[in-house]
1. Can you list residue pairs whose Cβ atoms sit under 9 Å apart, with the first residue in segment 45-61 being touching a residue at least 12 places away in the same chain (Cβ under 8 Å) and among the polar types (S, T, N, Q) and the second being away from the ligand (no atom under 15 Å from the Cβ) and in a strand (DSSP E or B)? Count only pairs 6 or more apart in sequence or on different chains.
2. Return the residue satisfying two criteria in turn: it lies in segment 50-61 and is surrounded by 19 or more Cβ atoms within 10 Å (Cβ to Cβ) and not in a strand (DSSP E or B), and of such residues it is farthest from the ligand (Cβ to nearest atom).
3. Looking only at segment 180-193, how many residues end up being part of a loop (DSSP other than H, G, I, E, B) and more than 18 Å from Gly147 (Cα to Cα)?
4. State whether one or more residues within segment 86-104 are touching a Leu at 6+ places or on another chain (Cβ under 7 Å), touching a residue at least 60 places away in the same chain (Cβ under 8 Å) and either under 25 Å from Gly239 (Cβ atoms) or part of a helix (DSSP H, G or I) (or both).
5. When the residues of segment 23-49 are filtered to those that are more than 16 Å from the ligand (Cβ to nearest atom) and surrounded by fewer than 16 Cβ atoms within 10 Å (Cβ to Cβ), which remaining residue is modelled with the lowest pLDDT?
6. Considering (1) under 21 Å from Val169 (Cβ atoms); (2) modelled with pLDDT under 95, say which one Leu227 fails and leave the rest.
7. Which residues, counting only those in segment 232-275, are free of Cβ contacts under 8 Å to residues at least 40 places away in the same chain and of a type outside the set (Asp, Glu)?
8. Examine segment 104-125 for a residue that is under 30 Å from Ala154 (Cα atoms), among the hydrophobic types (A, V, I, L, M, F, W, C), modelled with pLDDT under 95 and within 13 Å of the ligand (Cβ to nearest atom), and state whether such a residue exists.
Amino acid sequence: MVTTAASPPPAAVTGATSGSVSDAAPIVRLSGISKSFSNGTTALAGLDLAIGEGEFVSLLGPSGCGKSTVLRIVAGLTNPTSGRVDWLGAGGSVPAAGTDRPEIGFVFQEPTLMPWATAFQNVHLPLKLKGISAKTARDEIMHALDGVGLAGFANAYPRELSGGMKMRVSIARALVTRPRILLMDEPFAALDEITRFKLNDDIMRLYEAGGWTVIFVTHSVYESVFLSSRIVVMAARPGRVVDDIAVEAPHPRGEDFRTSAYYAATCRRASEALHRAMDARDHL
Ligand SMILES: Nc1ncnc2c1ncn2[C@@H]1O[C@H](COP(=O)(O)OP(=O)(O)OP(=O)(O)O)[C@@H](O)[C@H]1O
């Protein structure tokens with residue numbers, strides 16, 4: 001597995017600060033991760049992956065290559081069959097406890113909102129589970145809703161919101177605890193293309209302002225190149241990392257980036273890597 005960068009971006013899309021943080025100290029490191037299920041499926045085999053603090057890493061790969069399983073292992077929702085997950089402190093050092101998980105936000109493909117609760121009450125949920133009252137959490141909840149452009153819809157119920165707005169509430173709910181790392185499992189896959197573009201722009205603005213670390217699962221080459229500082233390409237049977245592409249375009253990223261030659265070249269590069277991954281056969 002090789003880490004490569006597409007050709008440097010042309011002057012037209014450079015400026016501001018560098019968007020690449022691929023040399024950032026790791027926040028979490030997965031070493032030799034394998035995952036087998038009782039039905040005999042080997043979802044992952046010998047996967048090594050380090051995620052740098054502040055990186056936006058997309059996991060791109062064909063269906064069944066284990067992208068969601070990686071997220072679930074990072075979130076602690078399932079344990080690997082073998083291998084280690086190490087959460088690292090400042091400067092990439094392993095904290096004394098070794099595997100202490102920091103605050104994690106998780107956004108799923110479905111918004112999974114409580115239909116009987118308002119947007120405000122839905123965003124309150126993770127804080128409520130920590131014993132924080134709506135009154136105490138009010139400013140945090142409104143800040144999170146404001147961040148996704150829904151401050152004016154705090155009292156709306158999910159049935160009153162569009163698909164894109166429901167997903168924004170879901171993102172606000174994931175961010176309200178101010179997580180150190182945000183995990184997103186194909187969050188925009190069910191949305192129409194225009195809404196998806198808009199949410200890509202919005203998540204980019206939030207990432208640029210918030211400076212969090214993101215692991216983002218997607219099937220979309222275009223989405224992964226627009227959003228990511230790094231694209232990790234996976235192959236299936238068994239799930240493994242086969243390519244690691246740095247996207248070195250600066251921030252802020254918007255339409256100039258989407259229409260740049262560097263964007264087109266990087267999409268081509270990622271698309272070729274994805275096709276190689278789809279053709280890959282078992283290597284074990
Ligand atoms: N609970 C489970 N029991 C048995 N097999 C499972 C289980 N969960 C996942 N798998 C299998 O593990 C493999 C990896 O699944 P995973 O959902 O991680 O892939 P993925 O890359 O996220 O797929 P997709 O892009 O289709 O969502 C698949 O072959 C899947 O069928």
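The values are calculated or read from the model by the stated rules, or taken from the named source; none is laboratory data. Model, not experiment: these values are computed from the prediction. Cβ: placed from backbone, ideal geometry, glycine included. Neighbour counts: every protein chain shown.
1. Ser58/Val214; Ser58/Arg230
2. Step by step, filter segment 50-61, then rank; the result is Glu53.
3. Residues that pass the stated criteria total 5.
4. Within segment 86-104, one or more residues are touching a Leu at 6+ places or on another chain (Cβ under 7 Å), touching a residue at least 60 places away in the same chain (Cβ under 8 Å) and either under 25 Å from Gly239 (Cβ atoms) or part of a helix (DSSP H, G or I) (or both).
5. Within segment 23-49, the match that is modelled with the lowest pLDDT is Asp23.
6. Leu227 satisfies every listed condition except (2).
7. Residues of segment 232-275 free of Cβ contacts under 8 Å to residues at least 40 places away in the same chain: 255, 258-259, 264, 268, 272, 275.
Those that are free of Cβ contacts under 8 Å to residues at least 40 places away in the same chain and of a type outside the set (Asp, Glu): Arg258, Thr259, Ala264, Arg268, His275.
8. yes
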